[in-house]
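The values are calculated or read from the model by the stated rules, or taken from the named source; none is laboratory data. Keep in mind it's a predicted model, so treat the numbers as computed, not measured. We place every Cβ from the backbone using ideal geometry, glycine too, and count neighbours over all the protein chains shown. Keep in mind that these areas ignore ligands, DNA and RNA; they rest on the heavy atoms of the full protein, side chains included. Shrake-Rupley method; radii C 1.70, N 1.55, O 1.52, S 1.80 Å.
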Amino acid sequence: MLTLDSLNGMRKEGVPIAALTCYDSSFAVLLEEAGVDILLVGDSLGMVMQGRNTTLSVSMEDMIYHTRCVSRSSGRAFIMADMPFGSYQENSEKAFANAARLLSAGAHMVKLEGPLYETVEFASKRGVPVCAHIGLTPQSVHRLGGYRVQGKSEEDARRLLGEATALEQAGASMLLMEAIPGELAAEITESLSIPTIGIGAGSACSGQVLVLYDMLGIYPGKQAKFVKNYMEGASSIRDAVSRYVEEVRKGVFPGPQHTF
Ligand code: KIV
């Protein structure tokens, strides 16, 4: 079974980590068999499974249900679960209590968005492995004014670098970076000693993640520049996922055409 230590070992050895979102039991089995290292029970389920325009309405009950579905059928993969909007921003005690519910449901780590240093410190000191999510943070879509690339100006880039460093110091065990320039993600990855997972953050991260339904080409919404449809030319879903894992491992995905 993969652990935080083994994932950090992959980072040190320069073996790219392959992650995908996963929301149910059948896909948990298939993704594991295809070699996916991290199954992210993402709150993107609000969009790809529930048909909402944003992730904002996803509840703790939704996350617990899908985390149980995934963890029940998984053996090797490391399971990360998103903390939904409203479940952790208010105060650290509430964040810890909700994180504990996700760990009880089978998650090995929780992910939360933004530079919430105190919350990360509070939860990690109490035994909760935390992945911090920076850059384009979808739960802040209305504040950000849309799903836009972040960290493009020098000022924003320095702010994100500062956030990443402070989140690691606060106790984050992993960092997910979404939709930021590849050069900035490379600089952040270089300056940290925890794994970084990128989505639209270039090839220099310690690993990559995509939304499963995007890389299978079945999400009806608009596709971001950083998405590749692995069903094109694949003989089956299993084949598509295996090719994703292989391309991540070889550093072929993401290419320049997927990078800001
Ligand atoms: O919920 C999600 O799908 C995410 C993405 C960044 C992969 O958090």
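Computed over segment 12-74, the percent of Cα pairs more than 19 Å apart is 35. If the chain linking R238 and A166 were pulled fully straight, counting 0.36 nm for each residue of separation and taking away their Cα-Cα distance, it would gain 22.0 nm. For segment 1-126, place one equal point scatterer on every Cα, skip the solvent, and apply the Debye formula. What is log10 of I(q)/I(0) at q = 0.09, 0.13, 0.17 Å⁻¹? Once normalised to I(0) and log-transformed, intensities are -0.25, -0.52, -0.88. Panel values: segment 50-184, Kirkwood radius from alpha carbon pairs, Stokes-Einstein at 10 °C and 1.306 mPa s, translational diffusion coefficient 103 µm²/s. A Stokes-Einstein calculation at 10 °C with viscosity 1.306 mPa s, built on the Kirkwood radius of segment 114-167 over Cα pairs, returns a diffusion coefficient of 130 µm²/s. In this simple spin-label model, placing a label point 7 Å from the Cα along the Cα-to-Cβ direction at both E246 and A97 gives a separation of 5.0 nm.
Computed over the chain with a Gaussian network model linking Cα atoms closer than 10 Å, the most mobile of S235, S26, S193 is S235. Multiplying the residue separation of R159 and K125 by 0.36 nm and removing their Cα-Cα distance gives an extension gain of 9.7 nm. Lysine pair count for the chain with Cα-Cα distance under 16 Å and sequence separation of 8 or more or different chains is 6. Carbon-plus-sulfur accessible fraction, the chain (probe radius 1.4 Å, protein heavy atoms only): 51%. Between E190 and S59, the distance separating the two model label sites (each 7 Å from Cα on the Cα→Cβ line) works out to 4.7 nm. If you wrap segment 167-214 in the convex hull of its Cα atoms and look at it from every side, the mean projected area works out to 3.3 nm². Fully extending the segment from Q89 to N229, taken as 0.36 nm per residue of separation minus the present Cα-Cα distance, adds 47.0 nm. A Cα-only calculation for segment 57-135 places Rg and Dmax at 11.8, 34 Å. Shown in residue order for segment 79-91 are the 3J(HN,Hα) couplings computed by the Karplus curve 6.51 cos²θ - 1.76 cosθ + 1.60 at θ = phi - 60°: 9, 10, 10, 6, 8, x, 4, x, 9, 9, 6, 5, 7 Hz (x for Gly and Pro). Tell me, what is the Rg over Rh of the chain, with Rh the Kirkwood radius over Cα pairs? Answer for the chain: 0.92. For the pair R148 and K12, what calculated FRET efficiency results from E = 1/(1 + (r/R0)^6), where r is the Cβ-Cβ distance and R0 = 30 Å, to the nearest 0.05? Given R0 = 30 Å and the Cβ-Cβ separation, E is 0.35. Taking every Cα-Cα distance in segment 169-252 and sorting them into 5 Å bins starting at zero, the pair-distance distribution P(r) comes out as 3, 14, 23, 22, 17, 11, 7, 2, 0 percent. Result for the chain in a Gaussian network model with C-alpha springs under 10 Å: among K94, K111, K228, the largest mean-square fluctuation is at K94. Using the Cα gyration tensor of segment 113-215, with a ≥ b ≥ c the square roots of its eigenvalues, what is the shape: rounded (a/c below 1.5), prolate (a/b larger than b/c) or oblate (neither)? Rounded is the answer for segment 113-215, as its axis ratio a/c remains below 1.5.
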